[in-house]
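Below is one structure, written out as structure tokens; comments come after it.
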Amino acid sequence: MTTLLINIKELLQVRETPVSKVSGSDMNKLPILKNAYIYIVDDVISDFGQMETIQIASADTIIDCTNKVVLPTWCDSHTHLVYAGNRAQEFVDRINGLSYEEIANRGGGILNSAKKLQETSEDELFAQSAKRLEEVMQLGTGAIEIKSGYGLTTEAELKMLRVAKRLKETYNFPIKTTFLGAHAIPANYKGNQDGYMDLVINEMLPKVAEQNLAEYVDIFCEKGYFTLEDTERLLKAAQKYKLIPKIHVNQFNAFGGVALGVKYNALSVDHLEELNDDDIKALQGSKTMPVALPSCSYFLSIPYTPARKLMDAGLPVALATDYNPGSTPSGNMNFVVSTACIKMKMTPEEAINAATINGAYAMGLSETHGSITVGKTANLIITKEIESYNVLPYAFGDNNIENVIINGKII
Ligand code: NIG
Ligand code: FE
């Protein structure tokens, strides 16, 4: 099967020469072809160019995109999409004055989600997660990372990762999985943090690796959760299994997690709502992608990641949702892109780069996703009729997506 998209008003993120990520002032450069076409053969981008140079005479399916914008699908490099139920009651509790921290200290928060997940069957967990995945695909997400971390027992952690793998196979969709056993200390290990780290390192980690359930390892490096020592112990142990770090750092406090991540060659360091000059220095010259999660800042009313500061220091930035039941009950990358522009003062070009090519990099997918490049997977967003791509982040409450193409097919 072949597909030809023609009369595209603006074709965004065209990279004839492939790049793995964009950094610093290059983030403000979004390569665009106006009045363009793109030719897809099966599930791969086979050709693109200016309409007046088109040499393709026919295709099985022709999609007229007059007055529409076409761009690569969003690459959401940080989610906790596999979870059970929701935490709407905690949302109301926060409105009524309790803090995120207070809720967690009373056994709510991550432990609340873990209890729900442990009590949910694998099939039910799959059904709930599949619904979320289908929804975010319709919102233009064409590649996603999914973490464990709401299991907190060996069996429940493995169950989460099996569900994520099953989603990948069922939907033939690019899903990268991350083992986040060290997400919170379960109630039965309260006061015995080392004991829980032993379980994560000596029992969970080997099983995850043996069963080939994850490519990445994560830890919530934060006051009240896991220390720098816990983090270093885990990252060291994970090296033996070739699990690459992608870690939660600097959400509420900056105390050296970024530099530690860089030391262990983390693919990404995520959150960074709190960021100091030492963190910036540690990132400079590294291969680690800083990932901002603006929907989390929005929902918890915490600071936004200082993306301008990162880019001014010559660094790249990626944007992701953090889709999870506690701090970000939304997997909508359009809202993320909009919020990055509105609240973080990223330009539309920077935000789109951050949500496509840099997102792909942050989950090891930039060779196949994140740009319009011959040979890459044909995962594309077709917008409704809009004046220009600026309307996407501008009209923050609208859904301006008309169609999403995954593996060369409209879904
Ligand atoms: O990335 N910060 C740690 N983990 C999640 C939220 C956890 C929860 O509240 O369920 C996050 O924000
Ligand atoms: Fe997260």
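The values are calculated or read from the model by the stated rules, or taken from the named source; none is laboratory data. In this text the structure is predicted, and so the values were computed from the model without any measurement. Note that we place each Cβ from the backbone using ideal geometry, even for glycine, and neighbour counts take in every protein chain shown.
Points to keep in mind about this one:
- The single residue among 33, 81 that is out of contact with any Pro (no Cβ under 7 Å at 6 or more places or on another chain) and not in a strand (DSSP E or B) turns out to be 81.
- First in segment 103-116 and closer than 14 Å to residue 148 by Cβ, second anywhere and part of a loop (DSSP other than H, G, I, E, B) and within 16 Å of ligand 2 (Cβ to nearest atom), Cβ under 6 Å, 6 or more apart: 110/183; 110/184; 113/83; 113/150; 113/325; 114/150; 114/152
- Breaking point among (1) within 16 Å of ligand 1 (Cβ to nearest atom); (2) in a loop (DSSP other than H, G, I, E, B), for residue 388: (1)
- Residue 343 of a type outside the set (S, T, N, Q), away from ligand 2 (no atom under 16 Å from the Cβ), in contact (Cβ under 8 Å) with a residue 40 or more places away in the chain and not assigned by TED's automatic domain parsing to the domain that holds residue 102: no
- Neighbours by Cβ (under 6 Å, 6+ apart or cross-chain): first from segment 312-335, without any contact (Cβ under 8 Å) to a residue 60 or more places away in the chain; second part of a loop (DSSP other than H, G, I, E, B): 328/322
- Criterion (within 16 Å of ligand 1 (Cβ to nearest atom) and more than 17 Å from residue 77 (Cα to Cα)) met by exactly one of 212, 250: 250
- Counting only residues that are at positive phi and touching a strand residue (DSSP E or B) at 6+ places or on another chain (Cβ under 6 Å), segment 229-253 holds 1 of them.
- Subset of segment 49-87 that is at pLDDT below 95 and among the small types (Gly, Ala, Ser) - its residue that is farthest from the chain's Cα centre (by Cα): 57
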